[in-house]
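This report refers to the structure that appears directly beneath it.
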Amino acid sequence: MLRYIGRRVLILIPTVWAISLITFIIIQLPPGDYLTTVQAKLAAAGDQPLDAAELERLSERYGLGDPWYVQYWKWISNIVLHLDFGESFSYNRPVSDLLMERLPLTITLSILTLIFIWAISFPIGVYSALRQYSITDYAFTFFGYLGLAVPNFLIALVLMWIGLTYFGQSVGGLLSPEYRDAPWSLAKVGDLLAHLWIPIVIWGTAGTAGNIRVLRANLLDELRKPYVSAGRARGMKRNRLTIKYPVRAALNPFFSTIGWILPGLIAADAITSQVLNLNTTGPLLLNALMSQDMYLAGSILLISAVLVVIGTLISDLALAWLDPRVRLRY
Amino acid sequence: MPDSPALRPTALSRRQLVAGSSALGLGGLLTACASSGTEEAGEGDARNTSPDPDRPLESPMLTEQVDAGELPPLEERMPVEEDRLVVPTPEYGPYGGTFAGVVLDQDRGWLDRFIHYEPTVRASPQLDEFGLPGTLKAVDVNDEGTEFTLHLRRGMRWSDGEPVTADDIMFAIEDVYYNETLYPSVPEFLTADGEPCTPEKIDESTVKLTYPGPRGDFLVTASRGEQPKNLLGWPKHYLSQFLPDLNPEAEKLAEEAGMGDWTDYWADRKAFFNNVELPLLTAWRLTTPLNEGTVVKAERNPYYWKTDDAGAQLPFIDHLEFEIVQNDEVMLLKAVNGEIDMHGRNFTTDPNRPVLADARESGDFRFLTVENTSMNQMVISLNLNHRDEVLREIFQNKDFRIGLSHAIDRQDIQDTVYQRQGQPHQAAPSPKSEFFDEEYATQFTEFDIDLANEHLDAAGLTEKDSDGFRLRPDGKRLTFQVDVTADAAQHSQAMALVVQTWEQAGVKATVNPLERTLFYERKTAAANQHDANTWGGDGGYRTEMDELRWWFPSWSESNYAVKWAEHFTTDGQGENAEEPPAEVLEQMELARQIPLEPDEEKRKELFRQILAISKEQFYAIGTVLPGDGFAIAKNHLRNVVESYPESPLYFTPGHIDPPIWYFG
């Protein structure tokens with residue numbers, strides 16, 4: 001087992017390094033750099049462009065004239081040696097500060113969404129499997145596919161429009177302007193809740209739909225196994241039997257994907273966040289990529305990648321612990 | 001304009017009021033303005049048109065701070081009475097309130113324009129007068145246009161309470177603009193004939209600038225919004241600590257702040273939108289910067305030096321809040337919902353006009369007319385400096401360009417792409433402009449394929465291939481790509497129509513939508529990769545003489561001849577400069593004379609000569625004259641002019657005086 005863990009950990013290092021390198025190169029791939037994007041943006045907004053001297057200074061400051069490997073080395077060596085993720089060009093602030101500002105909301109939303117997904121999908125999945133091909137099963141399946149198929153941002157727009165036209169709710173953000181600076185009160189909590197359900201439902205739909213389908217399929221497989229019939233034949237109560245054995249077995253795939261939860265916590269759906277105007281890491285990353293704000297974009301991607309890798313490691317270990325065949329193969 | 005009959009009389013009476021008062025000039029003449037306000041009092045729902053004699057002359061918010069001993073009394077905070085800037089005020093608003101605005105992500109442009117237009121001398125709200133009193137009380141100019149005596153406002157203070165003195169201007173020039181590290185070459189507006197001017201401190205509130213030659217456009221240039229042109233944008237008592245010449249510890253300060261070197265820290269500290277400590281002369285000072293959190297907040301500057309025309313300190317509005325919005329569709333929704341007090345950027349576009357028009361009543365807002373300073377929806381530039389010799393020769397042939405111009409159905413473009421707004425127009429000054437020349441504006445705009453064929457034949461492109469497309473002199477089919485930025489969706493649509501009608505005349509072109517950065521990358525003088533491209537018609541009205549790109553190859557945005565433009569900007573020294581033909585050189589010579597000419601009429605005359613050559617040369621092909629744009633304002637926001645020209649040079653809406661706006 002120790003050898004197995006050691007191997008997995010050692011493989012992490014080149015993996016993360018390769019990811020960081022590829023990320024950096026891809027961010028650099030589009031033509032131009034941060035400054036040309038800034039110039040183009042200014043021109044498009046009808047503002048005055050930066051003068052040549054200022055451009056020269058900024059280019060020097062950000063090291064944009066250097067070849068990509070020099071820039072890469074500057075970035076990665078600071079991270080490895082000083083845990084310094086560099087500074088965002090467009091915000092003119094350290095990347096870590098920007099992330100810290102956004103992480104609490106992002107993580108809160110992610111956790112709430114996760115709870116929402118589980119709370120909805122678990123009972124429905126079990127119910128659909130037990131009542132296969134019933135009208136309710138078809139209904140849940142229909143809405144499930146709908147949730148899977150419709151892009152999140154579209155649902156976001158529709159819900160916002162409904163919120164606006166039928167409930168007269170302030171759109172975007174999590175608090176109405178009048179509560180933004182108000183001290184916490186019941187009314188403020190109410191206002192927060194009135195806004196909070198929208199992103200949770202939107203992010204939840206796709207996940208919920210997927211979960212329902214997986215759970216239903218797994219459970220159907222289990223229900224047809226002989227041990228179920230045997231249990232029933234020996235007079236076990238149907239509900240008790242189902243929950244105790246087939247459902248437990250059907251849950252296995254859920255736990256093997258536990259590793260994905262970790263990166264999911266700090267990443268928020270960029271487009272949906274942008275449409276809903278939520279100050280999460282999603283739009284930060286999206287805008288950083290679009291304006292070629294390299295250190296910001298690169299660092300967010302790198303952190304996500306590291307979390308994916310760690311999450312996968314946890315999954316692997318859990319699986320090895322669960323299933324001897326896995327650890328013996330190595 | 002609003003259709004609702006209830007709104008119309010207000011709109012008109014207020015517009016007349018503002019137009020009337022601005023015609024009287026900004027400084028002085030209080031009584032005239034005040035009385036013209038009283039006369040209108042009976043009309044519509046105009047209110048507060050005569051000042052209440054018992055009203056406070058400062059915001060109650062500040063009175064509280066004065067009573068608590070946190071702030072000196074009003075008299076000590078403002079300049080001496082005769083040195084305060086009096087802004088004509090149609091209505092005398094009550095103090096207070098929080099302005100609800102929006103900014104798109106890290107777009108500091110709107111903050112700049114809204115808060116930061118406090119130049120030394122101002123442009124009028126309608127941009128028809130320049131050099132009006134601003135942070136400076138007056139500027140005396142000698143007859144030759146070489147000496148400028150700048151008079152400061154005595155007793156004026158920065159937003160932190162420190163006095164504004166002649167030393168601040170001396171600091172700006174000697175220590176900032178003449179600092180070789182910050183400005184490797186002295187900013188152009190401080191030079192004449194390439195030589196820098198000499199500043200001289202006369203007394204605590206007077207500075208004299210002596211130029212080596214005439215600097216005719218000094219007052220116009222100084223009326224612009226950009227920080228590099230603002231002699232009173234540099235508080236010495238605060239900023240001097242960051243310059244190593246004045247503070248040996250400057251480098252250490254930068255290091256402590258985690259900056260690479262002192263120039264980085266300097267750039268960081270002088271940025272008002274990110275540094276809330278920077279002392280300002282603006283009506284509001286930021287308390288939460290743009291790069292932190294989700295809302296940019298600003299509060300009134302207690303030391304502001306302007307009053308309404310009955311002596312009350314401006315601004316009327318106590319607080320500003322700009323929510324940072326990630327996406328302009330969200331902004332639009334917020335506007336529809338009536339959550340934005342005033343905005344004229346990002347989402348106030350023609351395609352969004354119907355949505356917003358519908359929501360005016362429910363959202364309780366109105367439209368303001370933003371006069372377009374642009375003269376064209378889309379100007380097509382053929383690359384006259386094309387890297388390929390054959391294409392270059394064809395594009396440089398005026399008959400070819402005339403032929404293509406006749407092969408454009410402008411009416412169709414206007415109807416299908418631009419909501420039937422505007423009229424066919426070349427890349428020429430707008431009809432509203434004093435430089436308007438009907439012949440120039442309408443030459444070759446008639447849609448006539450036969451005429452187009454005649455001109456294309458005359459250009460020597462008589463041979464055609466089996467598909468009916470014209471051949472180049474070297475026997476290949478004549479084809480080229482027109483670059484369009486992908487975010488200008490209307491350009492792609494319009495250009496698709498143009499390409500269709502060009503085909504009828506036997507010219508094969510394709511539309512090439514590009515990401516904005518790539519579009520820019522391809523059209524630099526160094527790359528020069530573009531065959532042709534499209535851009536809007538900047539500089540058609542009010543800013544004709546400031547924005548020269550379409551009149552002759554004058555800077556990198558003159559997309560039809562970037563190499564000739566580089567010849568102009570670098571005096572022929574640039575790496576990619578190319579010597580232009582004699583007519584273009586003549587325009588460049590005329591353009592160089594303009595800033596040296598002290599007499600305004602003579603400057604305009606020189607400019608007319610440039611335009612005459614542009615008309616003859618027909619560099620680029622125009623399409624449709626844009627209709628007026630719009631901005632939105634909530635109905636409770638008052639004292640806002642109903643119609644104004646838009647110009648980035650003068651930080652619109654900065655020049656229409658947000659400090660006099662109030663909530664009624």
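No lab work stands behind these numbers, since they all come straight from the coordinates. Computed from a predicted model, the values in this text were never measured in an experiment. Neighbour counts run over all protein chains shown; Cβ positions are idealised from the backbone, glycine included.
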Residue-averaged [θ]222 nm for chain B, counting only DSSP H segments that reach four residues, each worth -39500 (n - 2.57): -8000 deg cm²/dmol
For B:LYS201, which lysines qualify as cross-link partners when the Cα separation must be under 30 Å and same-chain residues fewer than eight apart are set aside? B:LYS137, B:LYS229, B:LYS236, B:LYS270, B:LYS306
Which of the aspartates and glutamates could be linked to A:LYS237 by a straight reach, that is with a Cα gap under 20 Å, when you skip same-chain ones fewer than 8 residues away? A:ASP221, A:GLU222
Mind giving me the nanometre distance, one decimal, between the label points for B:ALA357 and B:THR416, set 7 Å out from Cα along Cα→Cβ? 2.2
Between the range B:576-614 and the range A:283-312, what is the C-alpha centre distance in whole Å? 51
Quick one: putting +1 on the C-beta of Lys and Arg, -1 on the C-beta of Asp and Glu, what dipole do you get for the range B:460-616 around its Cα centre, in Debye to the nearest 20? 580
May I ask you to evaluate 6.51 cos²θ - 1.76 cosθ + 1.60, the Karplus curve with θ = phi - 60°, for each residue of the range A:297-309 and list the ³J(HN,Hα) values in order in whole Hz, giving x for glycine and proline? 4, x, 5, 4, 4, 5, 4, 4, 4, 4, 5, 4, 5
Among B:GLN313, B:GLN326, B:ASN247, the residue whose Cα sits farthest towards the positive end of the charge dipole of the protein assembly as shown, when +1 is placed on the Cβ of each Lys and Arg and -1 on the Cβ of each Asp and Glu, is B:GLN326
Prolate/oblate/rounded label for the range A:1-157 (Cα gyration tensor, a/c 1.5): oblate
Proximal lysines to B:LYS476, defined as alpha-carbon separation beneath 17 angstrom and excluding residues fewer than eight positions away on the same chain: B:LYS464, B:LYS508
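At a Förster distance of 56 Å, what's the computed FRET efficiency of B:VAL276 paired with A:ARG234, Cβ-Cβ distance as r, to 0.05? Intermediate values should be presented prior to the final figure.
Numbers: r = 75 Å, r/R0 = 1.34.
The pair B:VAL276/A:ARG234 has a calculated efficiency of 0.15.
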Output for the range B:414-492: GluC sites (Glu not before Pro) sitting in coil per DSSP, at most 16 other Cβ within 10 Å, listed by number, reads B:GLU434, B:GLU446, B:GLU463
Using the crude model of +1 on Lys and Arg Cβ and -1 on Asp and Glu Cβ, and no other charge, please compute the dipole size for the range A:31-84 relative to its Cα centre, in debye to 20. 160
Ranking B:PHE347, A:TRP184, B:GLY629 by how far each Cα lies towards the positive end of the charge dipole of the protein assembly as shown (+1 on Lys and Arg Cβ, -1 on Asp and Glu Cβ), the top one is A:TRP184
Restricting attention to the range B:207-299, which GluC sites (Glu not before Pro) occupy a DSSP loop and are surrounded by at most 14 other Cβ atoms within 10 Å? B:GLU249, B:GLU277
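Just to confirm a number: summing +1 for Lys and Arg and -1 for Asp and Glu over residues other than A:ASN218 whose beta-carbon lies under 14 angstrom from that of A:ASN218, what do you get?
Net charge in that neighbourhood comes out at +3.
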Cα-based Rg and Dmax for the range A:31-84, where Dmax is the largest Cα-Cα distance (Å): 14.0, 43
For the pair A:LEU154 and B:SER50, how long in nm is the line joining their label points, each one 7 Å along Cα→Cβ? 6.3
What ³J(HN,Hα) values, in whole Hz, does the Karplus curve 6.51 cos²θ - 1.76 cosθ + 1.60 give for the range B:266-275 when θ = phi - 60°, with x put for Gly and Pro? 4, 4, 5, 6, 7, 8, 5, 7, 10, 10
Amide H to amide H, which residues 5 or more places from B:ILE324 or on other chains are under 5 Å from it, using H placed in the peptide plane? B:VAL103, B:VAL295, B:VAL296
Local charge sum around A:VAL275 (other residues, Cβ-Cβ under 13 Å, Lys/Arg +1, Asp/Glu -1)? -2
On C-alpha positions alone, give me the angle between the axis of helix B:8-23 and the longest principal axis of chain B, in degrees, nearest 10. 80
Can you give the angle from 0 to 90° between the axis of helix A:52-62 and the longest principal axis of chain A, with both taken from C-alpha atoms, to the nearest 10? 50
If you filter the range B:346-444 for trypsin sites (Lys or Arg not before Pro), then keep DSSP loop positions with at most 16 other Cβ within 10 Å, what is left? B:ARG387, B:ARG420, B:LYS432
By the gyration tensor of its Cα atoms, with a ≥ b ≥ c the square roots of the eigenvalues, what is the shape of chain B: rounded for a/c under 1.5, prolate for a/b over b/c, or oblate? prolate
Summing -39500 (n - 2.57) over the DSSP H runs of n ≥ 4 in chain A and dividing by its residue number, what mean residue ellipticity at 222 nm do you reach, to the nearest 500 deg cm²/dmol? -25000 deg cm²/dmol
Phi-derived 3J(HN,Hα) across the range B:646-663 with the Karplus relation (6.51, -1.76, 1.60, θ = phi - 60°), rounded Hz, x for Gly and Pro, is 10, 8, x, 4, 10, 6, 3, x, x, 6, 9, 6, x, x, 8, 5, 8, 9
Can you tell me the 0 to 90 degree angle between the C-alpha axis of helix B:449-458 and the longest principal axis of chain B, rounded to 10? 70
Long-range amide H partners of B:GLN481, meaning residues 5 or more apart or on another chain whose placed amide H is closer than 5 Å, are B:THR510, B:ASP531, B:ALA532
Give me, ordered by chain and number, the residues 5 or more places off B:LEU471 or on other chains with an amide H under 5 Å from its own placed amide H. B:GLU463, B:LYS464, B:ASP465, B:LEU478
Could you tell me which of B:THR369, B:PRO163, B:TRP284 has its Cα farthest along the dipole of chain B towards the positive end, charges placed at Cβ (Lys, Arg +1; Asp, Glu -1), taken about the Cα centre? B:THR369
Under 9 Å from the Cβ of B:ASP483, count the other residues' Cβ atoms, weight Lys and Arg +1, Asp and Glu -1, and hand me the total. +1
